[in-house]
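Rule-based calculations on the coordinates, nothing more; no lab input. Keep in mind that what you see is a predicted model, and the values were worked out from it rather than measured. We place every Cβ from the backbone using ideal geometry, glycine too, and count neighbours over all the protein chains shown.
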Amino acid sequence: MSKFIVIPSSKEQILNLLDLCDGFILGLNNFSVNLPITFSLEEIKDIIKLCKSLQKQIFISLNKNMHNADIDELTSNLVELSKLDLDGLIFYDIAIVNLNKKLNLNLKLFWHQEHLVTNYYTINYWCKNGVYGSFLSSELTKKEILDIKDNTNCPLMMNVFGFIPMFTSKRPLVKNYLSKFNLQDNSKINYLEKENNIYPITSTNVVTVYSNNILNLAQEINELSEKNIAYFVFNSFNIESSLFKSIMLLFYKLTNENQKEIFDKINMLLNYKSDTGFLYKNTVYKVKKNG
Amino acid sequence: MDKNLKRPELLAPAGDMERLKIALLYGADAVYVGGDLFSLRANAINFSKEELKEAVSFTHNLKKKIYVTVNISLHNKEAEKIIDYLKELDKLKVDAIIVSDPFIIDLAVEHTSLPVHLSTQQSTLNYEAIEFFKNQGVSRIVLARESSREDIALIKNKIDIELEYFIHGAMCASYSGRCVLSNFLTDRDSNRGGCSQICRWDFKLLDENLKNIQGDKDFTFCTKDLSMLKYIPNLINLGVDSFKIEGRMRSTYYVATIVNIYRKAIDEYLSDPSHYSYNVEYEKILRNCANRDSIPQFFDGNYGVNCQYYNGRVEVSNQDFLGVVLDYDIVSHLATIEQRNYFKKGDLVEIFGPSISSITFSISKIYDEDNNVIEIVRHPKQIVKIRIFETVHPNDMMRIKR
């Protein structure tokens, strides 16, 4: 049975969702990107204590691109995290694989180079090289996902609900724009608009642009669960807390109630601004013949 | 030449055979090309197996090197075909492959004798990640474009591995590999070579209440280009092993010009570092060639407000390139030129090439193919003769003098 894992937007939300999910992905201050909130190590310890008492799982996502200047602090954080009761550490930068091995930290690593986790050969390569699981790219078709599952024993995670990060940059693009044209804006989140599509854009330690629609794989969840995808990830970013809770409740009921009615309810709650991402959509990359 | 300084490799892009030859003739020490599979410039012309064979032979005859990019993010289907392709490249004796997917490193090490360079798609920024890849058999790292001067110095100090660093060209606005705008907005897969450059589109920027925040221009992601011309001495002193020029989709003129200028700057510095002086004229030529502003990106400090474009920019195609020399008659002093852009009698022009320093002159006489005197050369690929009193050579190029 696949587990429901939530990327929370606040501590309160964690408390509110304890009955509706199997665990959480948490970010660490200064070492995590593309998450709605990050926490201090002390806060993480408190959350772990609470969650473990209720048999919930905890994954830490240290998913920023690490610069040399980050390495010392990264090392001490990894050592601290290795002492905690974690179910996995999600990484982007390969420095983490190296440190985990060199320091014998035995962290259960999950490979999540966001858009690069695209085939089972490379997933198996990482499993051979000290990695425990993989968090699949969102740009895969359902067929590709099922092929991967059929060809690896590595536990898989995948996004099933929420806005999906599409772009991560070190360049302070919004700040520069405001500064260039002497504009004032203190928004916590901005949006980019193009042809009536609205893309959330955040500027924290990096700039992140998210998909315009909410990924919603409600109709696929049971089939994917039967294939033993280990973890389904629900991202609460930019979704009002009570709405997110209602959605989680509906997903939770998907296995044992009238599914059609639940799909309709979810779509209605989302105001029909959701889609199935790339599940049924092949991307192309060669648009003309040679010569 | 200062014997304490290492001569870096000048590495140029080659989108096809013509550009490969031009890049090498104009002074590149090595070129990188895409095969017809697994390359991140899926829409460049790229090289078939037969062409690769010819390219390797041409390059090796000049005692230079050729690297092949195998740097897409593999999906299941593509991964099935990769071993045979790597073995083929090995047989062709290319000098290295440039990969981003670590699975390919493993295959190359196990099944071939190909040296492996790690693509910038991995955005490698730190010595721990580099140590991992070195232990896997990677011999060179193409550093992330976000790397600074301090990053390079520290990595050089900690790990004995070749470093390749971008010195010129267009840049991704994101960390490389961390952008799928193209996938979401146009269904074209950026990490498999289909990038549709959404970062150059314009958008409305809205606040948290979805109210328009309107500057004089719309919002774009678009960054200025990279140019490290000013920092050539710094990069050589840091011990960077390979200086990479971006642009497998660029024109022959672009490749010739950029390679030519960096070749001169590198050689001039190495020949006498203590008396080297920065040549502003070179900077002007580079700027005119690309028609875009350039900056040192993250090498020397923060990425501030002047590092980006803010839309409304008119990108005029480059008209500086006037023609290419096909032949020169030493008796009549007539050079045969194939036209690339409009020019006329009286224009102040410059001819440059791999074996001459540039020659500047005003065009005095122009003859057509039937030896009639003409004043204007307006037709693409038109063959004309012009009088030049200094010797020029086939493949030299003529540009307008600014």
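Cβ-to-Cβ counts within 10 Å put B:201, A:126 in ascending order as B:201, A:126, the fewest first. Under 19 Å from a label point set 7 Å out along the Cα-to-Cβ vector of residue A:42, the amide N atoms of segment A:10-24 belong to A:11-12. Beyond 23 Å in Cα-Cα separation lie the following of the pairs A:49/A:149; A:102/A:128; A:83/B:156; A:227/A:260; A:11/A:273: A:49/A:149; A:83/B:156; A:11/A:273. Computed over the alpha-carbon atoms, segment A:1-116 gives an Rg to Rh ratio of 0.95, Rh here being the Kirkwood radius from the mean inverse distance. Please report the net charge: other residues with Cβ closer than 14 Å to the Cβ of residue B:88, K and R +1, D and E -1. Here the count lands on +1.
In segment A:142-237, which GluC sites (Glu not before Pro) are in a loop and have at most 16 other Cβ atoms within 10 Å, using DSSP for the loop call? Provide the component values of the computation, followed by the final result.
Working: sites: A:144, A:193, A:195, A:220, A:223, A:226; in loops: A:195.
Taking segment A:142-237 and a limit of 16 other Cβ atoms within 10 Å, the loop GluC sites (Glu not before Pro) found are A:195.
For the pair residue A:268 and residue B:391, label points projected 7 Å from Cα toward Cβ lie 8.8 nm apart.
Quick one: what do you get for segment B:321-400 if you divide its Cα Rg by 2.2 N^0.38 Å? Display every interim value, and only then the final one.
Details: Rg = 11.0 Å, N = 80, 2.2 N^0.38 = 11.6 Å.
Relative to the 2.2 N^0.38 Å estimate, segment B:321-400 comes out at 0.95.
Spatially, segment B:185-217 and segment B:228-252 are offset by 29 Å when compared through their Cα centroids.
Hey, how many Å between the Cα centroid of segment B:54-74 and the Cα centroid of segment A:30-109? For segment B:54-74 versus segment A:30-109, the Cα centre distance is 41 Å. Taking other C-beta atoms within 10 angstrom as a stand-in for reagent exposure, B:292, B:250, B:19 fall in the order B:292, B:250, B:19, fewest first.
A dipole drawn for the protein assembly as shown from +1 and -1 charges on Cβ atoms has a positive end, and of B:307, B:184, A:189 the residue lying farthest that way is B:307. Largest GNM mean-square fluctuation across A:13, A:113, A:55, computed for chain A with C-alpha springs under 10 Å, falls on A:55.
What is the calculated FRET efficiency for residue B:373 to residue B:271, with r their C-beta to C-beta distance and R₀ = 41 Å, to the nearest 0.05? Spell out each step's value before the answer.
Values: r = 44 Å, r/R0 = 1.06.
Here the calculated transfer efficiency is 0.40.
Here, chain A has an Rg and a Dmax of 19.2, 64 Å when only alpha carbons are counted. Placing dummy labels 7 Å off each Cα toward the beta-carbon, the span from residue B:208 to residue A:11 is 2.0 nm. A Stokes-Einstein calculation at 37 °C with viscosity 0.692 mPa s, built on the Kirkwood radius of the protein assembly as shown over Cα pairs, returns a diffusion coefficient of 121 µm²/s.
What are the chymotrypsin sites (Phe, Trp or Tyr not before Pro) within segment A:250-283 that DSSP puts in a loop, where the Cβ has at most 12 other Cβ atoms within 10 Å?
Values: sites: A:251, A:252, A:263, A:272, A:278, A:280; in loops: A:272, A:278, A:280.
Here the sparse-neighbourhood loop sites are A:272, A:280.
Multiplying the residue separation of residue A:259 and residue A:227 by 0.36 nm and removing their Cα-Cα distance gives an extension gain of 9.7 nm.
Rounded, prolate or oblate: which fits segment A:165-210 when a ≥ b ≥ c are the square roots of the eigenvalues of the alpha-carbon gyration tensor, with rounded for a/c under 1.5 and prolate only if a/b beats b/c? All intermediate terms of the calculation are to be shown ahead of the outcome.
Details: a/c = 1.82, a/b = 1.19, b/c = 1.53.
The shape class here is oblate.
How big is D, in µm² s⁻¹, for segment B:9-307 by Stokes-Einstein at 20 °C and 1.002 mPa s if Rh is the Kirkwood radius over C-alpha pairs? Don't skip to the end; give the middle numbers.
Numbers: Rh = 20.1 Å.
Value of D from the Cα-based Kirkwood radius: 107 µm²/s.
If you count Lys pairs in segment B:175-290 whose Cα atoms are under 24 Å apart, skipping same-chain pairs closer than 8 places in sequence, the total is 11. Show log10 I(q)/I(0) for segment B:1-116 at q = 0.10, 0.18, 0.23, 0.24 Å⁻¹, two decimals, from a solvent-free Debye sum over equal Cα scatterers. The Debye formula, applied to the Cα set alone, gives -0.30, -0.88, -1.31, -1.39.
At R0 = 30 Å, how high is the FRET efficiency between residue B:217 and residue B:280 if r is their beta carbon distance? Nearest 0.05 is fine. Show your work: numbers first, answer last.
On the way: r = 30 Å, r/R0 = 0.98.
Efficiency, from the Cβ-Cβ distance: 0.50.
Between the Cα long axis of helix B:49-61 and the first principal axis of chain B there is an angle of about 70°, rounded to the nearest 10.
Could you work out the relative contact order of chain A? I mean the mean sequence separation of Cα pairs under 8 Å and 6+ apart, divided by the number of residues, in percent.
19 percent
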